[in-house]
Amino acid sequence: MAMNLLSRSTAPATPLDAVYGRVTRKFVPLLFTCYLFNYVDRTNIGFAQLQMRGDLGFTAMAYGLGAGIFFISYSLFAVPSNLLMAKIGARKTIFGCLALWGLTSSATMLVRTPFEFYVARFLLGVVEAGFFPGVIFYITQWYPSHRRANVTGIFQSATVVAGVVSGLLSGALITYLDGVWNLRGWQWMFLLEGLPSIVMGILVLRSLDDRPQQAAWLSHEEKALILEALDNDSATASGSHTFREALADWRVYLLGAIFFSSVIGTYALAFWQPMMIRNFNISSIMRIGIYSTIPALAAVAAKIWIGYHSDKQRELRWHFAVPAFAGAFGMLLIPFAAQNPLVGIVCLAIATAGVHGCIPVFWSMPGLYFSGTAAAGGIALISTLGNFAGAVGPVLLGYAKSQTGTFDTGLYAMSGLLVIAGILVLTMLSPGRLLPNPAIPASKDFAAGRKLPT
């Protein structure tokens with residue numbers, strides 16, 4: 001699906017389209033694959049716990065804390081990673097992230113105590129922190145603003161495709177390599193799933209050029225076309241709104257709260273979904289891996305279709321709220337399907353599709369209210385606030401599991417947060433409630449809850 005969108009979006013109509021077709025085909029599949037392994041290495045502990053917790057005697061709370069601590073270091077080191085990237089360039093930053101997180105992920109096979117597990121997860125967050133902003137920065141060095149959304153969307157779809165890959169690959173590795181050379185299946189999984197990231201890092205270092213001027217595979221005329229497009233984009237971009245203004249704008253924190261409340265379910269499901277499927281009376285790890293691809297495929301379809309339909313209809317509020325409410329409904333039903341595998345998988349698919357489906361629509365909102373450095377700083381702050389959901393969600397479900405023996409309480413809490421997110425978007429982004437800030441002009445049509453102008 002992603003590659004179909006890529007080829008459709010890069011069909012040459014002008015000389016510049018043809019040049020960007022070459023650029024996209026060279027870079028996007030590579031960066032997509034890097035992000036796929038990034039997400040696999042970040043979330044594969046969801047499958048590892050099916051053996052790991054029993055082998056090492058970890059409680060559900062200890063596992064949940066280890067899953068969530070990743071996002072604490074990830075958030076803390078995002079800014080330092082960006083500062084480093086400004087000095088050494090995106091290509092070297094992305095290479096370093098890939099190589100170091102591959103080594104760190106593989107080394108997780110050696111953990112024996114909860115503390116060692118926490119250290120491994122904390123370090124993984126540190127070395128991954130620069131990857132996503134590094135890629136976003138890299139895209140800005142090649143594409144003018146009106147060409148970035150499609151490329152970024154294809155790149156980000158790797159996270160849900162990773163759910164399919166991780167389910168099949170992790171389930172197979174744990175099942176079929178268990179006991180080989182006296183290593184448990186979860187140890188083989190960490191080792192072998194970390195190695196591709198190191199290989200991808202080497203490919204990035206060899207294949208990417210920081211800027212068009214450095215690309216030997218482009219002709220002088222092709223470089224000139226790209227640089228002209230970037231120069232024209234810079235000339236028309238607004239730079240009158242500052243990061244300080246964004247920090248003082250209450251809407252940044254409102255959007256941060258909405259993002260936190262909506263994204264918390266994606267992280268919680270990513271880390272605990274294999275255990276939930278086991279609770280549906282499915283004991284085989286391989287079968288758990290296969291069944292886990294169903295919610296992932298539902299998320300891929302929702303992410304692509306809802307974003308497409310929202311753009312087509314030029315409407316945001318209901319395209320966010322309806323998936324959020326659907327995700328909340330799916331989570332609410334999961335506890336009642338514990339003894340029925342078919343119903344349980346359907347509920348998981350609804351929940352996963354809902355929480356993933358509203359995220360692309362959300363990211364269309366901040367840019368309508370902030371521009372210039374306010375947009376860059378505001379979006380970074382909103383993203384940081386949302387990433388703390390990754391620290392809270394897995395711990396919340398782990399705590400519920402440790403205290404009650406079920407995930408029910410945690411699922412109800414996250415269902416409630418999704419409902420709150422949907423209500424906030426419908427009410428706070430409606431007439432008279434989220435008015436444009438005079439210092440930072442916004443789209444009046446969007447603030448009034450109407451369809452965006454064509």
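Within the set Ala321, Ala338, Ala270, the sole residue that is modelled with pLDDT of 80 or more and of a type outside the set (Asp, Glu) turns out to be Ala321.
Filter the stretch 338-367 down to the residues that are of a type outside the set (S, T, N, Q), surrounded by fewer than 19 Cβ atoms within 10 Å (Cβ to Cβ) and farther than 20 Å from Thr159 by Cα and list them by number. Give the derivation first.
Within the stretch 338-367, the subset of a type outside the set (S, T, N, Q) is 338, 341-351, 353-363, 365-367.
With surrounded by fewer than 19 Cβ atoms within 10 Å (Cβ to Cβ) added as a condition, the list becomes 338, 341-343, 346, 363, 367.
Selection gives Ala338, Pro341, Leu342, Val343, Val346, Gly367.
For beta carbons closer than 7 Å, sequence separation of 6+ or different chains, a first residue in the stretch 291-306 that is among the charged types (D, E, K, R) and a second that is assigned to a helix (DSSP H, G or I), the qualifying pairs are Lys303/Val160; Lys303/His356; Lys303/Gly357; Lys303/Pro360. Of the residues that sit in the stretch 280-304 and are touching a Leu at 6+ places or on another chain (Cβ under 9 Å) and polar (S, T, N, Q), which one is nearest to Gly185 (Cα to Cα)? Ranking the candidates gives Ser292 first. Test Asp233 against the criterion of being surrounded by 12 or more Cβ atoms within 10 Å (Cβ to Cβ), closer than 30 Å to Leu16 by Cβ, in contact with a helix residue (DSSP H, G or I) (Cβ under 6 Å, 6 or more places away or on another chain) and modelled with pLDDT under 90, and give yes or no. Judged against the criteria, Asp233 is a match.
Would you check which residues across the stretch 155-212 are touching a residue at least 60 places away in the same chain (Cβ under 8 Å), in a helix (DSSP H, G or I) and among the polar types (S, T, N, Q) and list them? Gln156, Thr159, Ser166, Ser170, Thr175, Gln187, Ser197, Ser207, listed by residue number. Tallying residues that are surrounded by fewer than 16 Cβ atoms within 10 Å (Cβ to Cβ) and not hydroxyl-bearing (Ser, Thr, Tyr) within the stretch 302-317 yields 5. Kindly establish whether Leu124 is in contact with a Lys or Arg (Cβ under 8 Å, 6 or more places away or on another chain), closer than 21 Å to Asn387 by Cβ and in a helix (DSSP H, G or I). Criteria met by Leu124. Could you check, for the stretch 259-280, whether at least one of its residues is in contact (Cβ under 8 Å) with a residue 40 or more places away in the chain, more than 25 Å from Ala421 (Cβ to Cβ) and part of a loop (DSSP other than H, G, I, E, B)? Yes, the stretch 259-280 contains a residue that is in contact (Cβ under 8 Å) with a residue 40 or more places away in the chain, more than 25 Å from Ala421 (Cβ to Cβ) and part of a loop (DSSP other than H, G, I, E, B). Scanning the stretch 213-237 for residues that are in a helix (DSSP H, G or I) and either touching a Lys or Arg at 6+ places or on another chain (Cβ under 7 Å) or small (Gly, Ala, Ser) (or both) returns Gln213, Ala224, Ala229, Ser234, Ala235.
For (1) closer than 21 Å to Leu124 by Cα; (2) at pLDDT 85 or above; (3) not in a loop (DSSP other than H, G, I, E, B), each residue gets a yes or a no:
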position: Asn38; (1), (2), (3): yes, yes, yes
position: Asp41; (1), (2), (3): yes, yes, yes
position: Gln49; (1), (2), (3): yes, no, yes
position: Asp55; (1), (2), (3): no, yes, yes
position: Tyr74; (1), (2), (3): yes, no, yes
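The values are calculated or read from the model by the stated rules, or taken from the named source; none is laboratory data. Treat the numbers as computed from the prediction; the structure is a model and nothing was measured. Here Cβ is always computed from backbone atoms with ideal geometry, including for glycine, and neighbour counts include all displayed protein chains.
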